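Okay, structure first, notes after.
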Amino acid sequence: MSSAGLNKWIVSGNLAADAQIKNIDLRDGSQAQIAEATLYVQKPKNRKDSFTVSLKIWEKSLAWRKMPYLKKGSLIICTGAVDANPYLSLSGNAPKAGLEMTVLDIDLDIVKGGDAETQGSQESDA
């Protein structure tokens, strides 16, 4: 078995905001829902350094069932495929390296939202 073309990445970080759901038109004329979010990832050696990953979660993926728990500040672990997504910064139009992940599954670590903070207990409830 060959791993040629394999693109599987696991990353952990905090959500910058609640995941936002959008309806999109597919090429075949049907519609689908996709959720978008931004994940802040801290580097282990220097916590001041961090980078962001744009997340895309399709409605038929395993990750979709975790949507109720994807709230601002939640610490999550995402598994999926990652692609480069370069962009120009808003200040100075400087080129920046961006990452975009199509999320296949999400593990919940620390969930924020509501009145309480929960550690991973939703994993079995979802």
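We did not get these values from a lab; they are worked out from the coordinates using the rules stated. Model, not experiment: these values are computed from the prediction. Here Cβ is always computed from backbone atoms with ideal geometry, including for glycine, and neighbour counts include all displayed protein chains.
With the simple spin-label model, which puts each label point 7 Å out from Cα in the Cβ direction, the Trp58 to Asn23 separation comes to 2.0 nm. Counting every pair of alpha carbons in the stretch 1-52, the share spaced more than 16 Å apart comes to 65 percent. Per-residue 3J(HN,Hα) values for the stretch 96-102, derived from phi via the Karplus relation 6.51 cos²θ - 1.76 cosθ + 1.60 with θ = phi - 60°, read 10, 8, x, 10, 10, 10, 8 Hz in sequence order (x marks Gly and Pro).
Using a 7 Å offset from the Cα along the Cα-to-Cβ direction at both Asp109 and Lys48, what is the distance between the two label points in nm, to one decimal? Label at Asp109, label at Lys48, 2.2 nm between them. Ordering Leu6, Leu90, Ser61 by the projection of their Cα atoms onto the charge dipole of the chain, which places +1 on the Cβ of Lys and Arg and -1 on the Cβ of Asp and Glu, puts Leu90 at the extreme positive end.
Taking one quarter of the surface of the C-alpha convex hull of the stretch 9-125 gives a mean projected area of 9.1 nm². Taking 0.36 nm per residue of separation and subtracting the current Cα-Cα distance, fully stretching the chain between Gln33 and Leu90 would add 17.7 nm.
Potential lengthening of the chain between Asn7 and Arg65 amounts to 18.6 nm, from the contour at 0.36 nm per residue minus the alpha-carbon distance. Taking all Cα pairs closer than 8 Å and separated by 6 or more residues, the relative contact order of the chain comes to 24 percent.
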